[in-house]
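Before any comments, here is the structure.
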Amino acid sequence: MAIKDILAVVDTGDKDEQFLCDALAFAEFYNASLSFVVLSALPSADYALTIAPPYAFLHDYTEAVEAKQERIAKLAGASNVEVRTISDRPAVIFTKAAVSARYADLVLFGPADDYDYPPIRRETIESILFASGRPVLIVPNGHKPRAIEHLAIGWNATRESTHALRAATAFAAPGAKIDVLVLDAKPTTKGHGTEPGADIARHLARHGFASTVIPAYADELSDADTLVKVARERGAALLSLGAYGHSRLREMILGGVTRDLLVGAPLPLLFSH
């Protein structure tokens, strides 16, 4: 399905002007409708009552939301952009953001440093991935959208990487080069088969893509850094990954590719679950 309805997620901070511009340019390139959702996480009631009078607490948060809405409207100019706000406790924000994402083709985020509250950004991304069924694209600052003639996919023969492949092909130009990155892969009867990456490369070729299997090895780098490094060395304009092939709890405790890459990278990262 074509990308015609985009949701960009921001918070009430003022560090994300570049991302706001990037999201507008992205939507213009795809001739897509763009909606911004502003996350405004409210502290618990006991915090508000002990630290500041309730009226001051609510006034500050209302002002921050209004200021962000004005900034977006000013940057958007004559563009037909919708701005919505989710103001609530963090746990409720995550659920509401995932529901909003179901009504978009794609959800855009900027890098973690563009947000005043990176943990809320991360949890929102995770909620969207697990509960919306929509892909998330994290774009680096200054990203210039263009036709994707060359992309990479991190392939581990799981359901999640299959979803990542499907999402990535929506971006790929006809006949695009697709590098199938297989990280420290071994033959197995339950996924890769006798030759890791070969089956999915053949499938891509049947759809007219120029697919190449690229073995990658995480020696001195983390798995996440290895995938990004190889994708950049290959000249890929986008790296698509299946998110949370392991459980979220396991990645929280032990770390993992998804958790490591949610902060962002020097090239666009497309996540699907």
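Rule-based calculations on the coordinates, nothing more; no lab input. As the structure is a prediction and not an experimental result, all values here were calculated from the model. Here Cβ is always computed from backbone atoms with ideal geometry, including for glycine, and neighbour counts include all displayed protein chains.
Here are some notes:
- Legend: ranking of residues E220, E233, E126 from fewest to most surrounding C-beta atoms inside 10 Å; resulting order E220, E233, E126.
- In plain terms, the residue of H273, H150 with the fewest other Cβ atoms within 10 Å comes first and the most crowded comes last, giving H150, H273.
- Arranged from fewest to most other beta-carbon atoms within 10 Å of their beta carbon, L24, L181, L108 become L24, L108, L181.
- Simple rule: put +1 on each Lys or Arg Cβ and -1 on each Asp or Glu Cβ in the chain, find the dipole, and look at N80, A168, T212; the Cα lying farthest toward the positive end is T212.
- Degrees between helix 159-169 axis and first principal axis of the chain (Cα, 0 to 90, nearest 10): 80
- Taking one quarter of the surface of the C-alpha convex hull of region 148-272 gives a mean projected area of 7.2 nm².
- Degrees between helix 118-131 axis and first principal axis of the chain (Cα, 0 to 90, nearest 10): 60
- Using Cβ point charges alone (K and R +1, D and E -1), the dipole size of region 5-138 about the Cα centre works out to roughly 340 debye.
- Between 0 and 90°, nearest 10: helix 223-233 axis offset from the chain longest Cα axis: 70
- Label corresponding to semi-axes √(5λ) of the Cα gyration tensor in Å when calculated from the structure given, among (i) 27, 26, 18; (ii) 35, 21, 15; (iii) 32, 22, 17: (ii)
- Space enclosed by the convex hull of the alpha-carbon atoms of region 98-192, per residue, Å³: 137
- Around the Cα centre of the chain, unit charges on the Cβ atoms of Lys, Arg, Asp and Glu (plus for the first two, minus for the last two) sum to a dipole of about 980 debye.
- Counting only residues at least eight positions apart within a chain, or on another chain, the lysines with an alpha carbon under 27 Å from that of K74 are K4, K15, K96, K144.
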